[in-house]
1. Filter region 183-205 for residues that are under 26 Å from residue 31 (Cβ atoms), open to solvent by less than 50 Å² (accessible area, probe 1.4 Å) and either without any contact (Cβ under 8 Å) to a residue 12 or more places away in the chain or not hydrophobic (A, V, I, L, M, F, W, C) (or both) and give the result.
2. Considering only region 9-32, I want to know if a residue exists there that is among the acidic types (Asp, Glu), in a helix (DSSP H, G or I) and either surrounded by 14 or more Cβ atoms within 10 Å (Cβ to Cβ) or touching a Gly at 6+ places or on another chain (Cβ under 9 Å) (or both).
3. If you go through region 122-145, how many residues are of a type in the set (A, V, I, L, M) and either touching a Ser or Thr at 6+ places or on another chain (Cβ under 8 Å) or within 16 Å of residue 196 (Cα to Cα) (or both)?
4. State the number of residues belonging to region 146-182 that are among the acidic types (Asp, Glu), surrounded by fewer than 22 Cβ atoms within 10 Å (Cβ to Cβ) and closer than 17 Å to residue 194 by Cβ.
5. Do we find that residue 175 is closer than 30 Å to residue 32 by Cβ, at pLDDT 95 or above and basic (Lys, Arg) in this structure?
6. Taking region 206-217, which residues are outside any helix (DSSP H, G or I) and either surrounded by 14 or more Cβ atoms within 10 Å (Cβ to Cβ) or more than 19 Å from the chain's Cα centre (by Cα) (or both)?
Amino acid sequence: MGTGELLGSGRSADVYAIDDEWVLRRTRDGLDVTDEAVVMAYLWEHGYPVPQVRLPADTGPGAGARTELVMRRLSGPTMVQSLLQGTTTPQEGGLMLARLLHRLHAVPPMTGDDPADRILHLDLHPENVILTPSGPMVIDWTNTEEGPPGLDWAMSALILAQVMVAGELPPEPIRVGLAELLAHGDVDPGHLDAVRARRLANPTMSERELSLVDEAVAQVLAIRSEQGR
């Protein structure tokens, strides 16, 4: 598909303008985005704040890998940009993430293999939330799967804690946002250990990022302890 202006690049994908209404996200590593598109379409139909997607005509078995995802173009800053600009406070950011997780886990699962499982994002952090005029929208569903909601809470908490201990940004505001997130959803040690293993196995993280995982886990547990968990 023809593309226009490059709008942004992430760890593994680039986003291009198609026109004023639609964008195309193209993976650079050949990752198949079919399952991601199906989940996003399902969530959009259930009223969850994700960009509308154009599903390919054939998404069934044998359709082949698809590395391009067409979705509705969004306007507005990321939550990270808003936090750095001071238009969103750390408390507001943490609460917003918590509400998005609660809202996501209220959507019925697609498969229903385990009645306790829900659709998980598994990468919900401020860079993946766009603050549009109509409200926050969640992007980048590359890691989505179904499972226990506690994994989602633990992953978001661990990602924030990694940023906090990295020292590239003032740590105290991040700690405030992390504490607000944890105040609205318990992160138990078992799920935290599970997402720790996932982060350590993540091939897109640098050696420095990997070296901070255990310190980040300790920070999450410390805040959890302060809150009487």
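The values are calculated or read from the model by the stated rules, or taken from the named source; none is laboratory data. Model, not experiment: these values are computed from the prediction. With ideal geometry, Cβ positions are generated from the backbone for all residues, glycine too; neighbour counts draw on all protein chains shown. In case anyone asks, the SASA skips ligands and DNA or RNA and just uses the protein heavy atoms, side chains included. Shrake-Rupley method; radii C 1.70, N 1.55, O 1.52, S 1.80 Å.
1. 191, 199, 202, 205
2. The first filter runs over region 9-32 and keeps only residues among the acidic types (Asp, Glu), leaving 14, 19-21, 29, 32.
Imposing the further condition that a residue be in a helix (DSSP H, G or I) reduces the set to none.
The answer is no, given that none of the residues of region 9-32 is among the acidic types (Asp, Glu), in a helix (DSSP H, G or I) and either surrounded by 14 or more Cβ atoms within 10 Å (Cβ to Cβ) or touching a Gly at 6+ places or on another chain (Cβ under 9 Å) (or both).
3. 5
4. Of the residues in that region, 1 qualify.
5. Working: closer than 30 Å to residue 32 by Cβ: no; at pLDDT 95 or above: yes; basic (Lys, Arg): yes.
Taking the combined requirement at face value, the residue does not satisfy it.
6. Result: 212, single match.
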